[in-house]
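Student: Below: one structure in C-alpha cells.
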Amino acid sequence: GELLFFTVQGTVKRTEWAEYSVARPVFPAIKLKTGDELLNVEQYDPDIQSTMCFVSKEGICLNADKDDIPVQGRVTAGVRGMLLNDGDEVIFATQFYGEGEIIILSDQGYIKRVVSSLFNPMGRGRKGMMIVDNKSKVIFADYVTLPYKVAILRSDNSVEEIDTENISIE
C-alpha cells in the first residue's frame, strides 16, 4: 500500500510503503520545508469516494480531492494540499468520506460540530471555506463518525469530559 503525509504548512505527500524498507536504523521519511512540521501520517485509502479534510488555525476547512496526488519517493516534500494565508497553519488533516461531523474548539471557548457533508469536495491546493467566524482561532479539530469523549481544561484548571454527541451541531 501507500502512506499519506500531511504537514502544518498544508503539504500532502503520497509514498509507497516499499520506499521505507531501508536497511539503516534511521533515515528520512519526508523532506520538510524550513519551518514546516509533520502533522499526520495515514495509510492511503484508494477508495475513489475518499477525500482529504484540512482545518486551519484561522478557521478555514477544505475538503479536497486526492485523485491527483502523485506517488513520490521517500525523500520528497510532496505537493500543496491546502493554500494558507500568511501566518495560518493546518491544525488537522485526515482522509474522510463526508459522513459524520467535524468538531471545532476555538480559543474563545466555543465548541461545535459541523456536518462534514456541507463541505463539497474541491481540487487540492485551494483555500476552502470558513468553518468558524474569523474572530476566533481554532485550537482543536477532529473528524467524528463514532461518538467519543473530549477532555476540556477549564480556566480554573478543572477537567470536564464532553461526549461528542452532546456538542451542538451548527
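Student: Using the crude model of +1 on Lys and Arg Cβ and -1 on Asp and Glu Cβ, and no other charge, please compute the dipole size for the chain relative to its Cα centre, in debye to 20.
Tutor: Dipole of the chain, to the nearest 20 debye: 600 debye.
Student: Find the accessible area per residue for the range 28-153; the probe is 1.4 Å, ligands and nucleic acids are left out, and the unit is Å².
Tutor: Accessible area per residue: 52 Å².
Student: Once neighbouring chains are kept in place and the probe is 1.4 Å, which whole percent of the accessible area of the chain is contributed by carbon and sulfur?
Tutor: Within the chain, the accessible surface is 50 percent carbon and sulfur.
Student: Then there is this: Defining a contact as two alpha carbons under 8 Å apart and six or more residues distant in sequence, what relative contact order in percent does the range 45-112 show?
Tutor: Contact order relative to length: 38 percent.
Student: So what is the relative contact order for the chain, in percent, with contacts set as C-alpha pairs under 8 Å and at least six apart?
Tutor: Relative contact order of the chain: 23 percent.
Student: Looking at the chain, send over the antiparallel percent of its DSSP beta bridges, to the nearest 5.
Tutor: 90
Student: Output ³J(HN,Hα) for the range 14-27: one whole-Hz value per residue in order, computed from phi by the Karplus curve 6.51 cos²θ - 1.76 cosθ + 1.60 with θ = phi - 60°, and x for Gly and Pro.
Tutor: So the J values, rounded to whole Hz, are 10, 9, 6, 4, 4, 4, 9, 8, 10, 6, 7, x, 9, 7.
Student: Can you list the lysines whose alpha carbon is less than 26 Å from that of residue 66, not counting same-chain residues fewer than 8 positions off?
Tutor: Cα-Cα hits under 26 Å: 13, 31, 33, 57, 127.
Student: So for the range 17-71, Kirkwood radius off the Cα pairs, Stokes-Einstein at 10 °C and 1.306 mPa s: how many µm² s⁻¹?
Tutor: 111
Student: Oh, and also: To check my understanding: the extent here is largest minus smallest coordinate of the Cα atoms along each principal axis. What are those three numbers for the chain, in Å, largest first?
Tutor: The Cα atoms of the chain stretch 50, 35, 33 Å along the principal axes, largest first.
The values are calculated or read from the model by the stated rules, or taken from the named source; none is laboratory data. Remember, predicted model here, so these are calculated numbers, not experimental data. With ideal geometry, Cβ positions are generated from the backbone for all residues, glycine too; neighbour counts draw on all protein chains shown. Ligands, DNA and RNA are stripped out before the accessible areas are found, and what is left, the full protein with its side chains, is counted by its heavy atoms. Shrake-Rupley method; radii C 1.70, N 1.55, O 1.52, S 1.80 Å.
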